[in-house]
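See below for the structure under consideration.
The values are calculated or read from the model by the stated rules, or taken from the named source; none is laboratory data. From a predicted model like this one, the values you see are computed outputs, not experimental measurements. Positions of Cβ are generated from backbone atoms using ideal geometry, with glycine treated the same way; all protein chains shown enter the neighbour counts.
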Amino acid sequence: MVKITKENALEYHQSGRPGKIEVKPTKPYHTQTDLSLAYSPGVAFPCLEIQSNPDDVYKYTDKGNLVAVISNGTAVLGLGDIGAMSGKPVMEGKGLLFKIYGGIDVFDIEVDEKDPEKFCEAVEKIAPTFGGINLEDIKAPECFYIEERLKKTLDIPVMHDDQHGTAIISAAGLKNALEVAGKDIANVHIVVNGAGAAAISCTKLYVALGAKIENIVMLDSKGVITADRPNLTTQKQMFATHRTDIHTLEEAIKGADVFVGLSKGNVLSQDMIRSMADSPIVFALANPVPEISYEDAMASRPDVLMSTGRSDYPNQINNVIGFPYIFRGALDVHAKAINEEMKMAAVHAIADLAKQPVPDIVNEVYHVNDLSFGPKYFIPKPVDPRLITEVSAAVAKAAIESGVARKTITDWDSYKKNLMELLGQETKLTRNLHDTARMHPQRVVFAEGAHPSMMKAAVQAKTEGFCYPILLGNPDRLRRVAERLKLNLDGIELIDMRADQEQGRRATYAKHLAKKRARQGYTFEEAYDKMYERNYFGMMMVETGDADAFITGLYTKYSNTIKVAKEVIGIRPEFNTFATMHILNTKKGVFFLSDTLINRHPDENILIDIARLSANTVQFFNEEPHIAMISYSNFGTDEIGSPVKVHNAVETLQSRYPDMVIDGEMQVNFALNKQLRDGKYPFTRLKGLDVNTLVFPNMSSAQGSYKLLQALDPDAEIIGPIQMGLNKPIHFTDFESSVRDIVNITAVAVIDAYVDKIKKEK
């Protein structure tokens with residue numbers, strides 16, 4: 001676990017702009033018209049609409065995406081009653097988590113009031129502002145009263161996350177842990193150490209899942225809570241045991257199946273765990289020090305199923321797995337409450353998600369390759385991108401079915417896609433790519449089938465329905481890799497290009513290549529030897545029609561792959577080169593950059609081809625190309641060096657292709673700033689237009705540009721390299737390519753292959 005020092009934490013919170021959150025406008029505000037629409041007089045119109053129909057507040061304001069994180073600071077983290085203002089950094093932090101995981105806007109509200117009645121009155125007065133209320137860090141028993149009252153008096157979702165968030169995640173974890181242990185919740189004996197808000201709420205939810213109250217023992221600071229103890233709160237009375245033979249944790253835990261700790265650190269010993277039943281489940285959730293350390297628990301006996309609140313150990317009970325998505329689902333249907341049905345829907349959705357194959361991004365973050373449902377993984381990781389779709393949709397559906405939703409969702413697939421777009425997991429661009437590819441699936445050869453990323457991408461592309469994958473490699477090895485990665489290769493063709501049974505195909509391909517390259521000195525024998533190499537064999541499959549598209553390997557050097565592509569596939573006759581493009585999907589729009597891979601130091605003739613290829617490719621993606629030829633100078637201001645070739649290329653292009661919207665040479669800032677460019681150079685063909693295509697003077701500048709943006713803006717989606725100019729759909733990957741990158745390239749290759757077929761039919 002990363003060591004956090006006081007100095008580092010204070011510097012983090014005070015550096016730059018103090019605090020962790022800010023408010024940003026969502027509408028234009030640069031002109032007087034914008035401001036008049038935003039405020040007076042334009043703002044009067046939505047005000048009157050809301051007066052006529054109160055539910056229109058969700059239509060015209062941020063209410064439907066705005067949650068209040070409210071606290072009085074009486075139970076802040078493990079710090080206790082430190083006061084409302086002292087708890088503000090925690091509330092801001094909660095707001096940050098809402099935003100990054102759920103796309104939800106937050107105002108943190110610190111109320112300096114300990115009296116529950118007055119606290120509730122304050123919240124009730126400000127509630128019209130918000131679509132939901134997240135109560136935070138309020139001590140028990142007051143938190144029980146506050147939540148229950150606000151749920152009755154307000155018509156928006158109210159949830160005390162310290163209670164229900166922990167309860168939902170731990171209930172999902174318990175459900176799955178019991179399945180791993182092979183135990184029935186109706187029969188297990190549960191010991192709950194702690195009787196605060198979280199412990200009470202957790203135990204209630206366990207009962208809702210099927211646990212028997214008579215099989216539950218709860219302890220507080222005084223020991224086992226027994227029915228004969230005087231002055232018990234209503235909440236403690238619910239779980240008071242009638243047993244008289246147990247008084248301490250040591251006595252209570254003997255023979256128990258489950259231990260849930262929501263108390264304090266180091267109260268559970270190894271001997272206590274040894275005294276539990278077979279395959280004991282231990283949830284040590286005290287923060288920051290658990291009831292027993294993970295190491296000590298695992299050392300006590302080999303069959304223990306362990307969970308903590310810490311991120312550096314398996315099966316973390318982390319509220320962030322729940323609250324952003326629970327509120328997301330509730331807000332999206334304009335729910336009047338978060339009820340028991342919605343909570344239980346969240347439990348089942350979280351539990352079910354842990355049983356699904358783990359996305360590559362999760363493995364990358366946690367540096368593992370084998371996360372699969374079992375003792376070390378029965379709770380999803382907080383970074384799992386599927387949480388927002390699965391949990392939010394489950395909660396929204398439960399809200400509709402239980403009658404607390406003001407808005408109905410009918411198209412759940414579209415809803416989930418919108419959620420993915422919200423957090424940048426998927427964009428309209430990638431969605432359109434995948435949807436288009438899915439309509440026209442093609443046979444795609446993957447060069448390095450045994451590479452984990454490539455195999456995962458192939459399986460995912462097949463699962464999404466836009467590809468019939470063909471993996472090159474030794475079938476036995478491919479199956480071993482698949483088994484290790486827990487991937488299903490059913491329906492995927494495996495080809496060993498070096499196997500004896502492929503001798504005939506190697507010979508056929510060699511004859512074809514030798515004939516095609518006879519004037520370049522190729523012999524049959526030389527061509528036959530090449531067929532043992534995966535790039536030659538795979539590209540020949542495409543060349544001869546045995547496959548529709550080819551994805552190059554992750555290990556192979558580009559220079560070699562480029563050479564093979566030129567030899568086997570060849571360049572389209574109307575061009576003298578081919579090139580690659582990267583697509584940048586940013587908050588400011590989609591941009592196309594070229595040439596990012598093939599032509600290191602292009603002359604003006606090559607630049608002309610690159611510009612033409614770029615125009616064709618942008619049109620391929622159903623966009624109108626507005627092309628800027630990039631240089632370090634503007635329009636002839638530098639008459640020596642590389643700007644000259646760019647200048648000449650533009651001149652030729654404008655002469656030959658008068659309808660092409662292209663100009664330059666120009667600096668990047670002039671290309672992307674319409675006002676700056678048009679004010680300084682009003683004569684350009686680009687006047688009044690937003691540039692979407694950038695052609696760079698050399699590979700270094702093109703590649704450096706997209707990689708710089710990639711490094712500085714992790715939210716920018718980058719798709720590529722996309723091949724332009726070869727006779728057949730051959731597309732490139734490199735060793736940096738993630739599974740997601742390869743899947744996106746595969747979608748492009750599929751569309752490329754389909755378009756190629758359509759052209760030939762014409």
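Considering the range 229-251, and only residues there that are of a type outside the set (A, V, I, L, M, F, W, C), under 26 Å from Leu305 (Cα atoms) and within 46 Å of the chain's Cα centre (by Cα), the residue that is surrounded by the most Cβ atoms within 10 Å (Cβ to Cβ) turns out to be Thr241.
Kindly indicate the residue of the range 728-759 that is out of contact with any Pro (no Cβ under 8 Å at 6 or more places or on another chain) and under 13 Å from Ala547 (Cβ atoms) and also surrounded by the most Cβ atoms within 10 Å (Cβ to Cβ) among those meeting that condition. Among those that are out of contact with any Pro (no Cβ under 8 Å at 6 or more places or on another chain) and under 13 Å from Ala547 (Cβ atoms), it is Thr746. Out of Tyr29, Tyr58, one residue alone is among the hydroxyl-bearing types (Ser, Thr, Tyr) and not in a loop (DSSP other than H, G, I, E, B). It is Tyr58. In the range 585-602, of all residues being surrounded by fewer than 20 Cβ atoms within 10 Å (Cβ to Cβ) and closer than 15 Å to Ala702 by Cα, the one that is modelled with the lowest pLDDT corresponds to Arg600.
In the range 692-707, which residues are assigned to a helix (DSSP H, G or I) and surrounded by 22 or more Cβ atoms within 10 Å (Cβ to Cβ)? Step through it out loud before you land on a result.
At the first step, the residues of the range 692-707 found to be assigned to a helix (DSSP H, G or I) are 699-707.
Ala702, Tyr706 - these are the residues of the range 692-707 that are assigned to a helix (DSSP H, G or I) and surrounded by 22 or more Cβ atoms within 10 Å (Cβ to Cβ).
State which residue is surrounded by the most Cβ atoms within 10 Å (Cβ to Cβ) when the search covers only the range 366-392 and only residues that are at pLDDT 90 or above and part of a helix (DSSP H, G or I). Among them, the one singled out is Val391.
Does the range 663-678 include one or more residues that are at pLDDT 90 or above, surrounded by fewer than 18 Cβ atoms within 10 Å (Cβ to Cβ) and within 22 Å of Ile606 (Cβ to Cβ)? Yes: one or more hits. When we screen Tyr532, Tyr528 for residues that are over 26 Å from Lys757 (Cβ atoms), outside any strand (DSSP E or B), more than 28 Å from the chain's Cα centre (by Cα) and in contact (Cβ under 8 Å) with a residue 24 or more places away in the chain, the only hit is Tyr532.
crowded, with 18+ Cβ neighbours inside 10 Å, within 25 Å of Phe592 (Cβ to Cβ) and over 17 Å from the mean Cα position of the chain (by Cα): which single residue out of Val444, Val395 fits that description? Result of the check over Val444, Val395: Val444. Residues in the range 252-283 that are within 19 Å of Arg310 (Cβ to Cβ), touching an Asp or Glu at 6+ places or on another chain (Cβ under 6 Å) and surrounded by fewer than 23 Cβ atoms within 10 Å (Cβ to Cβ): 2 in all.
If a residue counts only when it is in the same structural domain as Val695 (by TED's automatic domain parsing) and either among the hydrophobic types (A, V, I, L, M, F, W, C) or touching a strand residue (DSSP E or B) at 6+ places or on another chain (Cβ under 8 Å) (or both), which helices (runs of 4 or more DSSP H) contained entirely in the range 579-682 have at least 3 such residues?
Values: elements: 604-620, 642-656, 668-672, 674-680.
Fully inside the range 579-682 and qualifying: 604-620, 642-656, 668-672.
Please work out if Ala68 is within 19 Å of His160 (Cα to Cα) and in a strand (DSSP E or B).
Working: within 19 Å of His160 (Cα to Cα): yes; in a strand (DSSP E or B): yes.
Yes, satisfied.
Please identify the pairs in which a residue from the range 52-65 that is closer than 12 Å to Thr129 by Cα has its Cβ atom under 8 Å from the Cβ atom of a residue that is surrounded by fewer than 12 Cβ atoms within 10 Å (Cβ to Cβ), counting only partners at least 6 apart or on another chain. Hits for this filter: Asp62/Thr26. Scanning the range 542-578 for residues that are under 22 Å from Asn744 (Cβ atoms) and assigned to a helix (DSSP H, G or I), we see that the one that is modelled with the lowest pLDDT is Tyr558.
Inspection of the range 223-240 identifies at least one residue that is in contact with a Leu (Cβ under 8 Å, 6 or more places away or on another chain) and farther than 22 Å from Ser170 by Cβ.
Looking only at residues in the range 284-317 that are over 18 Å from Glu179 (Cα atoms) and aliphatic (A, V, I, L, M), the one that is surrounded by the fewest Cβ atoms within 10 Å (Cβ to Cβ) is Ala299. Under 9 Å between Cβ atoms, which residue pairs at least 6 apart in sequence (or on different chains) link something in the range 720-741 that is acidic (Asp, Glu) with a partner that is part of a strand (DSSP E or B)? Once the first residue is acidic (Asp, Glu) and sits in the range 720-741, its partners that are part of a strand (DSSP E or B) give Asp734/Pro721; Asp741/Ile718; Asp741/Ile719; Asp741/Gly720. Where helices (runs of 4 or more DSSP H) sit wholly within the range 104-220, those with at least 2 residues that are in contact with a helix residue (DSSP H, G or I) (Cβ under 8 Å, 6 or more places away or on another chain) and modelled with pLDDT under 95 occupy 142-153, 161-181, 197-209. One residue stands out in the range 480-505 among those that are assigned to a helix (DSSP H, G or I) and in contact (Cβ under 8 Å) with a residue 60 or more places away in the chain: the one that is surrounded by the most Cβ atoms within 10 Å (Cβ to Cβ), namely Leu485.
Go through the residues of the range 459-478 one by one and say whether even a single one is over 30 Å from Ala177 (Cβ atoms), without any contact (Cβ under 8 Å) to a residue 24 or more places away in the chain and assigned to a loop (DSSP other than H, G, I, E, B). Lay out the reasoning, then the answer.
Start the filter on the range 459-478 by keeping residues that are over 30 Å from Ala177 (Cβ atoms), which leaves 461-462, 464-478.
Next cut, without any contact (Cβ under 8 Å) to a residue 24 or more places away in the chain only: 475-476.
Among the residues that remain, those that are also assigned to a loop (DSSP other than H, G, I, E, B) are: none.
Within the range 459-478 (the criterion being over 30 Å from Ala177 (Cβ atoms), without any contact (Cβ under 8 Å) to a residue 24 or more places away in the chain and assigned to a loop (DSSP other than H, G, I, E, B)), the answer is no, since none of the residues qualifies.
Among residues of the range 152-178 that are over 23 Å from Pro54 (Cα atoms), those with a Cβ under 6 angstrom from a residue that is part of a strand (DSSP E or B) and aliphatic (A, V, I, L, M), sequence gap 6+ or separate chain, pair up as His160/Leu135; Ala177/Ile281; Ala177/Leu305. Scanning the range 11-20 for residues that are at pLDDT 85 or above and either farther than 17 Å from Leu96 by Cα or assigned to a loop (DSSP other than H, G, I, E, B) (or both) gives Pro18, Gly19, Lys20.
For the range 146-179, what are the residues that are farther than 17 Å from Ala337 by Cβ and of a type outside the set (Lys, Arg)? Asp162, Thr166, Ile169, Ser170, Ala171, Ala172, Gly173, Leu174, Asn176, Ala177, Leu178, Glu179 - these are the residues of the range 146-179 that are farther than 17 Å from Ala337 by Cβ and of a type outside the set (Lys, Arg).
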